[in-house]
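All remarks here apply to the structure that follows.
The values are calculated or read from the model by the stated rules, or taken from the named source; none is laboratory data. Quantities reported herein were computed from a predicted structural model and do not represent experimental measurements. Cβ placement follows ideal geometry from the backbone for every residue including glycine, while neighbour counts extend to all protein chains displayed. Heads up: the accessible areas ignore ligands, DNA and RNA and are worked out on the full protein's heavy atoms, side chains in. Shrake-Rupley method; radii C 1.70, N 1.55, O 1.52, S 1.80 Å.
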Amino acid sequence: MWPNRRIIDLFKTEFPIVLGPMAGVVDAELVIAAAQGGALGSVPCAMITAEKAREQVNIIRQRVSAPVNMNFFCHTPVEADPACEAGWKARLGEYYKEHGIDPAAPIAAANRAPFDEAMCAVVEELKPEVVSFHFGLPERALLDRVKATGAIVMSSATIVKEAVWLEQNGADVIIAQGAEAGGHRGMFLTENIAEQPGTFALVPQVVDAVKVPVIAAGGIADGRGIAAAFALGASGVQIGTAYLRCPESKVSGPARAALAQADDASTVITNVMTGRPARGVANRAMREIGPISPHAPAFPHAATALGPLKAAAEKLGKVDFTNLWAGQAVGLGREMPAAELTRALADEALARLRALSG
Ligand SMILES: Cc1cc2nc3c(=O)[nH]c(=O)nc-3n(C[C@H](O)[C@H](O)[C@H](O)COP(=O)(O)O)c2cc1C
């Protein structure tokens, strides 16, 4: 019934739908629910330790016999630059004062570590069916070890050049991430945000440029979007934003309220929250300091000085300094359990595809 079965056959899932990995807001509970609905669940490992990643996958394995995707960032780490950090903290000084926070008090460094030896050992131990990367691929030796486990390797491309590079360097599946997508841009061969194509332009051009199956991501939040992705030549979809309002997500109450009120014009791409461009619902920090600031420290260090502000504002029920990562289709979000949402997405897509072919 699906126009193209490449992803269903590869992943052995009921539907060609991937619950997008979303660091900080997805844990085992949402992965289990999405898998029960027929999607491939993704465990975001960028902000957790290897031990926690093992624990999460073990919980999932105990509850469902479905394939699992473990997701990692693989950026090249950059040491924090003390001068840049001090300047950034000075820029945030007025907010520290407003919230009564001592700027001299020690703060925990932002925690987004790239895929490393410890995580690779966990992959070798747990053997997830799928491993996905954001920001390219890890170094050859680590990638070879991942591939030796038999895992299907996926990574995000934001332009055709990245898709071709990923295929040439060992990716089995390309996630074509259009500019509409929520969260960090997976860009790694370009830094020009203005050049980033949208999903409608990107997907068919990536499909033409590579032989491996392509998963469309960005702005897909209902059956119409899924049917459109297949019409563009994709073999599957990765959906993040549409799952944020599921009761199983770890989105906080105030952030949930902000997402519920957001519409098509609410999101922007910003670098002020972490140092790397990412799309989210505009908050006070993004509006007043950005959305793009040349002074933001390199990823992930911009997040360090924002940490105490985020905590203080959240205590007041405010999301002024909280990452409200979400894509341009946030307004299509539904408050619905993830298994039910997954089945609804698939049913709607199939109905739409049938209607179009009839
Ligand atoms: C809150 C949030 C966090 C995200 N975190 C990650 C992540 O940790 N790793 C990753 O590869 N992609 C991440 N993404 C991207 C999603 O996996 C997915 O590709 C994207 O959400 C698809 O576009 P959509 O938001 O329009 O559905 C994140 C997206 C959001 C909205």
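Worth pointing out:
- Figure legend. Inter-residue proximity from the range 35-52: first residues on the phi > 0 side of the Ramachandran plot, second residues assigned to a helix (DSSP H, G or I), beta-carbon distance below 9 Å, spacing 6+ or different chains. Indicated pairs: Gly38/Ala339; Gly38/Thr342; Gly38/Arg343; Gly38/Ala346.
- Restricted to the range 88-98, and to residues there that are open to solvent by less than 40 Å² (accessible area, probe 1.4 Å) and not hydrophobic (A, V, I, L, M, F, W, C), the residue that is farthest from Lys315 (Cα to Cα) is Gly93.
- For the range 152-187, filtered to residues that are among the acidic types (Asp, Glu) and farther than 20 Å from Phe11 by Cβ, the residue that is nearest to the chain's Cα centre (by Cα) is Glu180.
- Residue in the range 248-261 that is under 23 Å from Thr158 (Cβ atoms), in contact with a Lys or Arg (Cβ under 9 Å, 6 or more places away or on another chain) and buried (at least 22 other Cβ atoms within 10 Å of the Cβ) present: no
- Residue list for the range 315-353, restricted to those being away from the ligand (no atom under 16 Å from the Cβ), outside any loop (DSSP other than H, G, I, E, B) and touching a residue at least 12 places away in the same chain (Cβ under 8 Å): Ala339, Glu340, Arg343, Asp347, Leu350, Ala351, Arg352, Leu353
- Test: residue in the range 301-317 that is in contact with a helix residue (DSSP H, G or I) (Cβ under 6 Å, 6 or more places away or on another chain), open to solvent by 30 Å² or more (accessible area, probe 1.4 Å) and over 23 Å from Gln177 (Cβ atoms): yes
- Whether a residue is touching a Lys or Arg at 6+ places or on another chain (Cβ under 7 Å) and within 12 Å of the ligand (Cβ to nearest atom) was assessed, and Ala227 does not pass this test.
- Options Ala163, Ala121: the member that is in contact with a helix residue (DSSP H, G or I) (Cβ under 9 Å, 6 or more places away or on another chain), under 21 Å from Lys211 (Cα atoms) and either open to solvent by less than 10 Å² (accessible area, probe 1.4 Å) or in a helix (DSSP H, G or I) (or both): Ala163
- Test result for Glu14, open to solvent by 60 Å² or more (accessible area, probe 1.4 Å), under 22 Å from Ile152 (Cα atoms), in a loop (DSSP other than H, G, I, E, B) and away from the ligand (no atom under 16 Å from the Cβ): yes
- Verdict on Arg245 being open to solvent by 30 Å² or more (accessible area, probe 1.4 Å), within 12 Å of the ligand (Cβ to nearest atom) and in contact with a strand residue (DSSP E or B) (Cβ under 6 Å, 6 or more places away or on another chain): no
- For the range 18-63, the tally of residues that are within 11 Å of the ligand (Cβ to nearest atom) and under 30 Å from Ala351 (Cβ atoms) stands at 8.
- Residue in the range 276-289 that is of a type in the set (D, E, K, R), over 21 Å from Glu79 (Cα atoms) and within 12 Å of the ligand (Cβ to nearest atom) present: yes
- Identity of the residue in the range 262-284, among the hydrophobic types (A, V, I, L, M, F, W, C), touching a residue at least 60 places away in the same chain (Cβ under 8 Å) and within 12 Å of Leu324 (Cβ to Cβ), that ends up surrounded by the fewest Cβ atoms within 10 Å (Cβ to Cβ): Ala262
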